[in-house]
Every structure is written in structure tokens, then in C-alpha cells.
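The values are calculated or read from the model by the stated rules, or taken from the named source; none is laboratory data. Since the model is a prediction, treat every value here as computed from it, not as a measurement. Backbone-built Cβ (ideal geometry, glycine too); neighbour counts: all protein chains shown.
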Amino acid sequence: MRVVRGDGGSPRQAPQSPGPTVETLIDEAASGGQLTVTQVVVPAGGDMREHDHGESQALLVPLAGELVITSGSHHEIISLGTVALLERGERVRLTNQTSEPCTVVMVFTPGDARTGTILERNSGQTAGKASAGMRWVPAGPVDQLDDDAAVHMDLAGHPVCVARSDGMVYAMLDECSHGQVELSEGDVADGHVECWLHGSRFALATGLPTGPPATQAVPVYPVRITAAGIEVALPATPEGGPYA
Ligand code: FES
């Protein structure tokens, strides 16, 4: 038998209302790369909007209350005594249609190691230089951004997280590589953004994951500051976006 004890974590409140609260009980590092365990409380009438967990499988174990899981046109209700297994990449929505909060423990397997591919995709992007096939798109004045903050922008069809940290401005695809939620709704500090849903951290300069459970990088875009304000170099073809 192997017993893993996590240090726990601070509950994170989803930005939407009434949104779930997510607390990491055991992170992937603490479990020796075996799994990630979170506890999610979905308030009465609350909703965890449609998302998936990329290359992770997820086991959902309700501790209290009742939750409707919607996957495509399929609906299932889970409560104490039921477990649900979500497949890799399966898109689901979790809804609490009762008048009581629902508490669910979620166990995620590690994602497949596809980081190498993504690293190649991100290499060669130097801040301030646009590669062939990219164009500079205006993104508004610099002073619209507080330091250590991020905003979502739709720029020429691209969902972009534009962030400022330590006075530097960064741009990346506004989609966490772990679960397809918007990174612009996460916390920004020390040149990193932390996803609000499961706490993955990404370096704003490179898009590389620096904290689990994400294992894949997020595409980043060159930024330059002109007299007119921020400009972001974007590919001619949008990368897709959150909840696509
Ligand atoms: S969705 Fe899981 S860390 Fe972002």
C-alpha cells in the first residue's frame, strides 16, 4: 500500500456566478506523477460550464449532494454511491439543479507526454518579432492593463489573453492547455498566469507549463509597444478558442 498525503491548497472560486469552488488536495508532484486530486463544491443552482481535461481521465466521486453530468446529448445524475469516469478529451458540463451544494472529489490521471511537440511549435517565437504569415493586430493602450492582471481580447478572430506582469506585456492563446477554460480569468504574478480551475501555471513569456496538472504549452504571441499602444502578432488563421 502506498499512502500519499498532499499539503492541500487554497480553494479557488470560479469567476462565474454561482460558480464552483475548486481545491487541490493532492497535486501531481506530491503523488509522484501518478494523479491529481481536487475537491469541487458546486453551489445550489451552480454550474461548471462545458470543458474537458485534455489527455487526463477523470474519476468523479460525489461525497454530498447531486450533480447532472451532460456529455453531448447524454445526461447522468451522480450522487453518493455513484462514480463517473470521464474519458480523455470528453467534453462535459456539470450542473447542480438542487437547492443544496454538491461536493465531488475528482481524481485525474496525468496527461500524455506530448510536450515535445508543443515545445517545437513554440520555439522560434521571439518577443517583438512577427514570423512570416503573421500580422500585427492593435490591442489597445498599455494603460488599460493593471500590473499583474490579464484581460481577454478577441483580436482578428483569435481569443487572446493579454497580460501585464512586472511592467511587461504578454499575449497568449486564451485557453488553458489542460481543460479549455480561459486563462485570462486566472491570477497573474511574477511573469506567470495561474489557471483558476485546477491551478496549472504557465510562463507568460514562453507559454510553458511551470506548475501541474498541465503538461502542454500554450501558444504565445509576440508583442510590441508602439506609440498607438499594444500590438500582437497573430497567425493569419485563428488557433480556435475556449469552448470551441
Ligand atoms: S483547466 Fe485544469 S488547470 Fe486549467
Kindly indicate the residue of the range 40-53 that is within 12 Å of Arg91 (Cα to Cα) and among the acidic types (Asp, Glu) and also farthest from the ligand (Cβ to nearest atom) among those meeting that condition. Glu50
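Table: residues versus (1) of a type in the set (Lys, Arg); (2) under 10 Å from the mean Cα position of the chain (by Cα); (3) crowded, with 24+ Cβ neighbours inside 10 Å; (4) closer than 21 Å to Ala29 by Cβ.
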site	(1), (2), (3), (4)
Ser165	no, no, no, no
Gln180	no, yes, no, no
Gly191	no, no, no, yes
Trp196	no, yes, no, yes
Phe202	no, yes, yes, yes
Tyr221	no, no, yes, no
Arg224	yes, no, no, no
Pro235	no, no, no, no
Check on Arg5, free of Cβ contacts under 8 Å to residues at least 60 places away in the same chain, out of contact with any Cys (no Cβ under 7 Å at 6 or more places or on another chain) and among the basic types (Lys, Arg): yes
In the list Ser73, Ser56, Ser10, which residue meets the criterion of being within 16 Å of the ligand (Cβ to nearest atom) and without any contact (Cβ under 8 Å) to a residue 24 or more places away in the chain? Ser10
I'm trying to understand the selection: among the residues of the range 204-215, which are more than 10 Å from the ligand (Cβ to nearest atom), surrounded by 24 or more Cβ atoms within 10 Å (Cβ to Cβ) and of a type in the set (A, V, I, L, M)? Leu204
Filter result for Gly128 (within 14 Å of Ile225 (Cβ to Cβ), assigned to a loop (DSSP other than H, G, I, E, B) and at pLDDT 55 or above): no
Being touching a His at 6+ places or on another chain (Cβ under 9 Å), within 16 Å of the ligand (Cβ to nearest atom) and either within 25 Å of Val41 (Cα to Cα) or in a loop (DSSP other than H, G, I, E, B) (or both) narrows it down to one of Val188, Val218, Val193, Val181, so name that one. Val181
For the range 44-60, check the following and say yes or no: at least one residue is assigned to a strand (DSSP E or B) and either of a type in the set (Ser, Thr, Tyr) or in the same structural domain as Gly179 (by TED's automatic domain parsing) (or both). no
Does the range 10-48 hold any residues that are surrounded by 15 or more Cβ atoms within 10 Å (Cβ to Cβ), of a type outside the set (A, V, I, L, M) and within 18 Å of the chain's Cα centre (by Cα), and which are they? Arg12, Gly19, Pro20, Thr21, Glu23, Thr24, Asp27, Glu28, Thr36, Thr38, Gln39, Asp47
